[in-house]
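Values quoted throughout were computed directly from the atomic coordinates according to the rules given, and no laboratory measurement underlies them. Since we're looking at a predicted model, the values are computed, not measured. Neighbour counts run over all protein chains shown; Cβ positions are idealised from the backbone, glycine included.
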Amino acid sequence: MSQPQAATVVTHGGRPHGTRVTVNPPVARTSTVVFDSMATLKEALAERAHHERGLLYGRKGSSTGDALEDVLTALEGGDRTRLFGSGLAAISCTLLACVRPGDHVLVIDSCYDPVRRLCAQYLAPMGVSVDFFRPDLSDFADKIRPETRLVWAECPGTLLYEMCDLPALVAIARQHDNITVAVDNTWGSSLLYHPLALGADISVVAGTKYLVGHSDVMLGAVITREPAASHRIADMADLLGHSVSPDDAYLALRGVRTLTVRMEQHQANALKVAQWLQQQPIIRTVFHPALADDPGHALWQRDCKGANGLVSIEFDPAVSELQTHAFVEALQWFGIGHSWGGYESLALPMHCRLYTSEAADDI
Ligand SMILES: *Cc1c(COP(=O)(O)O)cnc(C)c1O
């Protein structure tokens, strides 16, 4: 059978099977699981020891969470998905699963800002050295060291949506032994961009954004391509005690059911707004990879299945910081707030410098 389309996966994935079943998976709220015999308990423990699923204890996963994981695994073409209580928890657990003291990590300059802080305030004191590379890969090969164990990419990048040629990055990384390539795929949210198909080992998604889609749940997911990476992530998540409530998994799964139609509308709306913004004299640059003159447009066309609702603008230098604040406050239908991916529109003044190589020199 051919691979089902994404719209089919989000409609049919994670649904109960049987001769007479509920349409949706039940919300399996429980802290623990009871067994009818020692033999059954032993069987469950043996399954877990072999990294098979199977109910054992609330923290280790629920059938509701499994249903959501199955949909994300199918969307990204992975081996396994592990859920987390936030996108950042998924990121930190991935970093911890992939590096040891003495290792070296290469992080893309356009990364989500808290990743920088995690590197500076946690990995560095732990004896893991970190360098940053440019999304255009101009300095990437030169920065790889014998002890490089992890490359952390994000594509398109945070805030300016810089594209990175992921297949080219992977080709360079594969010339060395033991480098894991992980990608923050929150922009693509398992639908618009498929890092695993482009050669990466791990895709990390902040489900809080478009997967959930309604600004009512915090969630993260790590999708892995090979069983070895899946086991590493699952073991570290178990060690650190990560777990997701079945209620949150259920809400996220309900959001995912409409992911494809929401994204089409977000994309259409954003492109219209972005094109209008480009016509405004006080605006110097509009960042959105679906715009024909965006520097990443060709790579976006090659590697992405569409765009989302994110648009960034850079004002003319004559516009003061206070004026940008007044602009944001004057918007009638936009709230002022962090995050994105919900049904509502948000706007926030930011300093782009935080997301460039200059900021990398600060740590
Ligand atoms: C929001 C975000 C995260 C973190 O997700 P949380 O659920 O807020 O912890 C990670 N990466 C990117 C690119 C994000 O935008």
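Dipole size of the chain about its Cα centre, with +1 on Lys/Arg Cβ and -1 on Asp/Glu Cβ: approximately 1040 debye, rounded to the nearest 20. A simple spin-label model places the labels of Asp136 and Leu331 2.9 nm from each other, with each point 7 Å out along Cα-to-Cβ.
Amide hydrogen proximity for Ser86: with H placed 1.01 Å from N in the peptide plane, the residues at 5 or more positions away or on another chain lying under 5 Å are Gly220.
Comparing Val99, Val21, Val204 in a Gaussian network model of the chain where C-alpha atoms under 10 Å apart are linked, the largest mean-square fluctuation is found at Val21.
Charge dipole (Cα centre; +1 on Lys/Arg Cβ, -1 on Asp/Glu Cβ; no other charges) of segment 11-131 amounts to roughly 400 debye.
Compared with the dominant Cα axis of the chain, that is its longest principal axis, helix 87-98 is turned about 70°.
Can you give me the orientation-averaged projected area of the convex hull built on the Cα atoms of segment 26-74, in nm²?
3.8
Taking a straight Cα-Cα cut-off under 19 Å and skipping sequence neighbours fewer than 8 places away in the same chain, the lysines within cross-link reach of Lys305 are Lys209, Lys272.
Show me the trypsin sites (Lys or Arg not before Pro) within segment 21-128 that DSSP assigns to loop and that have at most 14 other Cβ atoms within 10 Å of their Cβ.
Numbers: sites: Arg29, Lys42, Arg48, Arg53, Arg59, Lys60, Arg80, Arg82, Arg116, Arg117; in loops: Arg29, Arg53.
Qualifying residues, ordered by number: Arg29.
Lys and Arg at +1, Asp and Glu at -1: add these up for the other residues within a Cβ distance under 12 Å of Gly78 and post the number. Result for the local shell: -3.
Work through the residues other than Ser339 whose Cβ is under 14 Å from its Cβ and net out their charges, Lys, Arg +1 and Asp, Glu -1. Walk me through the numbers on the way to the answer.
Details: positive: Lys209; negative: Asp113, Asp216, Glu344.
Once positives and negatives cancel, what remains is -2.
The Cα-based radius of gyration of segment 137-220, divided by its Kirkwood radius, gives an Rg/Rh of 1.02. The calculated pair-distance distribution of segment 259-352 uses every alpha carbon pair, bins of 10 angstrom beginning at 0, and gives 15, 46, 33, 7 percent. You can think of it this way: the chain between His51 and His338 has 99.6 nm of extra reach, that is 0.36 nm per residue less the Cα-Cα gap. Put +1 on the Cβ of every Lys and Arg and -1 on every Asp and Glu Cβ in the chain; which of Pro101, Gly306, Pro25 then has its Cα farthest towards the positive end of the dipole? It is Pro25, whose Cα lies furthest towards the positive end. Dipole magnitude for segment 250-340: about 540 debye, using +1 per Lys or Arg Cβ and -1 per Asp or Glu Cβ, origin at the Cα centre.
Tally the DSSP beta bridges in the chain and give the antiparallel ones as a percent, rounded to 5. Let's see the in-between values first.
Values: 16 of 36 bridges.
Around 45 percent antiparallel, to the nearest 5.
Within the shell of other residues whose beta carbon sits under 12 angstrom from the beta carbon of Met263, the net charge comes to +2, with Lys and Arg scored +1 and Asp and Glu -1.
Absence of a disulfide-compatible partner, taken as no other cysteine beta carbon within less than 4.7 angstrom, is noted in the chain for Cys93, Cys98, Cys111, Cys119, Cys304, Cys352.
Eigenvalues of the alpha-carbon gyration tensor of segment 244-284, scaled by 5 and square-rooted, set the equivalent ellipsoid semi-axes at 35, 12, 4 angstrom, largest first. For the residues Val205, Val319, Val181, a GNM of the chain with alpha-carbon springs under 10 Å puts the largest fluctuation on Val319.
Quick one: in the chain, what % of C-alpha pairs are over 41 Å apart? Summing the P(r) of the chain above 41 Å gives 13 percent of all pairs.
Within the listed set Ala90, Ala67, Ala182, the residue fluctuating most in the Gaussian network model of the chain (springs between alpha-carbon atoms under 10 angstrom) is Ala67.
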